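Chemist: Got a structure for you, questions after.
The values are calculated or read from the model by the stated rules, or taken from the named source; none is laboratory data. On a predicted model such as this, the values are computed, not experimentally measured, just so you know. Every residue, glycine as well, gets a Cβ built from its backbone with ideal geometry; the counts of neighbours run over all protein chains shown. Heads up: the accessible areas ignore ligands, DNA and RNA and are worked out on the full protein's heavy atoms, side chains in. Shrake-Rupley method; radii C 1.70, N 1.55, O 1.52, S 1.80 Å.
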Amino acid sequence: MEGARSKRNLCDHPCVDAPKPTIDRARDLRRKLTLPEVVLWTAIRGSKVGGARFRRQHPVGPYILDFYCDALKLALEVDGEGHERPDQARADIARDAWLGARGIEVWRIPARDVLQDLAEVVERIERRVRREPPPPLRGPPPPMGEDL
């Protein structure tokens with residue numbers, strides 16, 4: 001049936017055609033979430049954030065997204081310290097560009113933020129889901145001539 005969702009892919013988005021090894025690895029990763037991923041998943045699962053439905057460890061092409069909402073074409077990536085290494089940062093840039101070319105917006109969330117201020121992380125996600133502008137910066141503006 002044309003347009004119907006296949007058993008292999010849970011959405012109709014054309015870029016989710018992932019090779020079988022990627023799908024198998026995603027299944028395995030769902031059983032092995034990191035602590036920050038478990039904490040964030042508990043906060044966003046079941047359409048808790050503005051009604052958005054996220055999937056965990058979702059395969060898209062050759063990549064596996066930590067969390068993905070197909071309706072918003074939004075990926076949430078929880079990045080640990082390893083993502084600060086230059087080689088990993090370059091790989092992340094290439095990955096984000098590949099996903100962006102397919103209409104998927106990638107939000108990178110430091111793992112430490114999830115563990116230290118989950119409420120703020122969830123609030124930022126909620127604002128994005130509702131397409132609200134970000135809140136103003138906290139604190140007074142910089143003195144004249146000292147713009148950021």
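Chemist: Of all residues in segment 97-112, how many are within 23 Å of Leu35 (Cα to Cα), in contact with a strand residue (DSSP E or B) (Cβ under 9 Å, 6 or more places away or on another chain) and open to solvent by 40 Å² or more (accessible area, probe 1.4 Å)?
Modeler: 2
Chemist: Looking at (1) open to solvent by less than 30 Å² (accessible area, probe 1.4 Å); (2) part of a strand (DSSP E or B), which is the one condition that is false for Arg56?
Modeler: Going through the list (1) open to solvent by less than 30 Å² (accessible area, probe 1.4 Å); (2) part of a strand (DSSP E or B), Arg56 breaks only (1).
Chemist: If a residue has to be in a helix (DSSP H, G or I) and within 15 Å of the chain's Cα centre (by Cα) to count, how many in segment 67-111 make the cut?
Modeler: Looking only at that region, the number is 10.
Chemist: Let me ask another. Please state which of the following conditions Thr34 fails to meet, knowing it meets all the rest: (1) without any contact (Cβ under 8 Å) to a residue 40 or more places away in the chain; (2) open to solvent by 60 Å² or more (accessible area, probe 1.4 Å).
Modeler: All conditions pass for Thr34, except number (1).
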